[in-house]
C-alpha cells in the first residue's frame, strides 16, 4: 500500500544540523534507508517540511519510516494511505454506493 508522509521539521534541530554541516548527510541517510518513490521538500505550517510517498507492504513498517525523522530532527510525521486512479477504479464504489444508498 502506498503511504503519503507529511513530515514537519522543527527549526532548532534542523538549524543545528545546518550550522554544523551535517544536515546533508542526515537527510541522505534517511532517504537512502527509506527509499521513497518520491520526496519533495516544502514548508509545513511555517516550518521546514517534506512530503514523501513510500510503498509499505504492511503496518509493521511504520516505525522504520517515522523513527529516523523523530530521532534525527524531532520531526512530526503524519501517515495517509493513498490510491492511484487505477486503484480507485478497482475499489468497487458503485457496489458500495448501492449497498449504503
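Read-outs throughout are calculated quantities, based only on the coordinates presented, and are distinct from any laboratory measurement. All values reported here derive from a predicted model rather than from experimental measurement. Ideal geometry is used to build each Cβ from the backbone, glycine not excepted, and the neighbour counts take in all protein chains shown.
A few remarks follow.
- C-alpha long axis of helix 11-20 to longest principal axis of the chain, angle in °: 50
- Each of residue 15 and residue 32 was given a label point 7 Å from its Cα along the Cα-to-Cβ line. The distance between the two points is 2.9 nm.
- When each of the peptides 20-33, 42-55 is scored by the mean number of other C-beta atoms lying within 10 Å of its residues, the order from highest to lowest reads 42-55, 20-33.
- Ranked by the mean number of other Cβ atoms within 10 Å of their residues, highest first, the peptides 73-81, 59-67 fall in the order 73-81, 59-67.
- Computed as a quarter of the hull surface, the mean projected area of the alpha carbon convex hull for segment 2-99 stands at 7.7 nm².
- Model label sites at residue 90 and residue 53, defined 7 Å from Cα along the beta-carbon direction, differ in position by 1.6 nm.
- Rg followed by Dmax, in Å, when segment 59-101 is reduced to its Cα trace: 16.9, 48
- The angle between the Cα long axis of helix 23-34 and the main principal axis of the chain comes to about 30°, on a 0 to 90 degree scale.
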